[in-house]
1. Can Val257 be described as free of Cβ contacts under 8 Å to residues at least 40 places away in the same chain, out of contact with any Lys or Arg (no Cβ under 7 Å at 6 or more places or on another chain) and either within 13 Å of ligand 1 (Cβ to nearest atom) or β-branched (Val, Ile, Thr) (or both)?
2. Out of the strands (runs of 3 or more DSSP E) lying entirely within region 62-143, which hold 1 or more residues that are more than 16 Å from ligand 1 (Cβ to nearest atom) and at negative phi?
3. Taking region 220-248 only, how many residues are closer than 21 Å to Pro161 by Cα and either buried (at least 18 other Cβ atoms within 10 Å of the Cβ) or within 16 Å of ligand 2 (Cβ to nearest atom) (or both)?
4. Just one of the numbered conditions (1) crowded, with 16+ Cβ neighbours inside 10 Å; (2) under 25 Å from Thr35 (Cα atoms) is not true of Leu217; which one?
5. Could you tell me which numbered condition Leu167 fails, if it satisfies all but one of (1) touching a strand residue (DSSP E or B) at 6+ places or on another chain (Cβ under 8 Å); (2) of a type in the set (A, V, I, L, M); (3) within 16 Å of ligand 2 (Cβ to nearest atom)?
6. Look at Val251 and say whether it is among the β-branched types (Val, Ile, Thr) and either open to solvent by 40 Å² or more (accessible area, probe 1.4 Å) or within 16 Å of ligand 2 (Cβ to nearest atom) (or both).
7. Quick one: in region 170-183, of everything that is open to solvent by 10 Å² or more (accessible area, probe 1.4 Å) and part of a loop (DSSP other than H, G, I, E, B), which residue is nearest to ligand 2 (Cβ to nearest atom)?
8. In region 130-153, how many are more than 30 Å from Glu172 (Cβ to Cβ) and open to solvent by less than 10 Å² (accessible area, probe 1.4 Å)?
Amino acid sequence: MSYRTLTTADVDHFLRKGYVKIEGAFERETAEEWTRTCFRRLGYDMEDKSTWVERRIHMGGDHYVEVEQFAPRVFDAMCDLLGEERIGTPVRWSDHFIVNLGVGAEEPWQPASPSTPGWHKDGDFFRHFLDSPEQGLLVFVNWTDVVHQGGPTYIATDSVPVIAKFLADRPEGVLPGEFNFRELVGQCKEFEEATGQAGDVYLLHPYMLHAASQNPLRLIRVITNPPVHLKEPMRFDRENPNDHSLVEQGVLRAFGVDRYEFRSTAARERVVPERVRRQQQMRDEELRRVQATS
Ligand SMILES: O=C(O)CCC(=O)C(=O)O
Ligand SMILES: [Fe+2]
């Protein structure tokens, strides 16, 4: 198998640990520009913590870039993981920033463990099946440096087999609110911190369990998590097992087989999360603020 950008070691790491990290995917200056815009939108001063009203902010957004132009190596890696012809278009990133300015700074710092609050699999907008096309990859884009004790997202790097088995046992699908994430992460033993520099990008298996972490250093931590979606549901029973994408192979590996037949027994379903309504409201407030200062 030949890949555009991933090395054999990257592929092996993705299959074992469920993610690859692409370092220096875009310029630090660009990341800094986006972060400055983020703060202007919030109405916060980057240099003055007393202006940071909220510690954790999930912003809406309306500025989009094409990943193929913005971060070509990441686009190539996405193609390596999924197959270019299977990726839903457009493949874009936006300024839907997820900001951590000091979550849990007053409490004693806790390393990643099953008792970390907030473990989840992304995808609050659809009924989840083993083969769901809505989330082909989980992505973390670093717009700032992200360091230990500065709010790196915690990841459970042995969660892919746990989620694979959970979803395989539920052909009727699982609504976002129906996962028992505490019980699921309780089966995991390997935890890492998704640290990195501004301009680094993580591409993760869509089943990867992850959780926000504390930021006792009160550093500015800005990321986005734009999903990549697929044109068609995943398949685990392709005629030629070599045609399975690396994401599909990650699932097959969990079952210890070359092929697996999955048939959903309920219709795919979209869910409108409360988050979307909240983000629209926040966006309206930002626009008022930005207009008032320009
Ligand atoms: O803020 C973080 O570190 C994680 C955020 C996250 O996972 C999410 O918003 O889905
Ligand atoms: Fe998430």
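The values are calculated or read from the model by the stated rules, or taken from the named source; none is laboratory data. Given the structure is predicted, the values throughout are model-derived calculations rather than measurements. All Cβ positions, glycine included, derive from the backbone under ideal geometry; neighbour counts span all protein chains shown. These area figures cover heavy atoms from the full protein model, side chains too; ligands, DNA and RNA do not enter into them. Shrake-Rupley method; radii C 1.70, N 1.55, O 1.52, S 1.80 Å.
1. Numbers: free of Cβ contacts under 8 Å to residues at least 40 places away in the same chain: yes; out of contact with any Lys or Arg (no Cβ under 7 Å at 6 or more places or on another chain): yes; either within 13 Å of ligand 1 (Cβ to nearest atom) or β-branched (Val, Ile, Thr) (or both): yes.
Judged against the criteria, Val257 is a match.
2. On the way: elements: 64-66, 92-94, 98-100, 138-142.
Output list reads 64-66, 92-94.
3. Pass one, region 220-248, residues closer than 21 Å to Pro161 by Cα: 227-230, 233-238, 241-248.
After this cut, where a residue has to be either buried (at least 18 other Cβ atoms within 10 Å of the Cβ) or within 16 Å of ligand 2 (Cβ to nearest atom) (or both) as well, the list is 227-230, 234, 236, 244-248.
The number of residues fulfilling the criteria is 11.
4. (1)
5. (3)
6. Working: among the β-branched types (Val, Ile, Thr): yes; either open to solvent by 40 Å² or more (accessible area, probe 1.4 Å) or within 16 Å of ligand 2 (Cβ to nearest atom) (or both): no.
So Val251 does not fit the description; no.
7. We begin by selecting, within region 170-183, every residue open to solvent by 10 Å² or more (accessible area, probe 1.4 Å); these are 170-172, 175-183.
Checking the rest, the ones that are also part of a loop (DSSP other than H, G, I, E, B) come to 170-172, 175, 179-180.
Values: Arg170: 20, Pro171: 25, Glu172: 24, Leu175: 16, Phe179: 12, Asn180: 17 Å.
So, considering only residues that are open to solvent by 10 Å² or more (accessible area, probe 1.4 Å) and part of a loop (DSSP other than H, G, I, E, B), the one nearest to ligand 2 (Cβ to nearest atom) is Phe179.
8. 8
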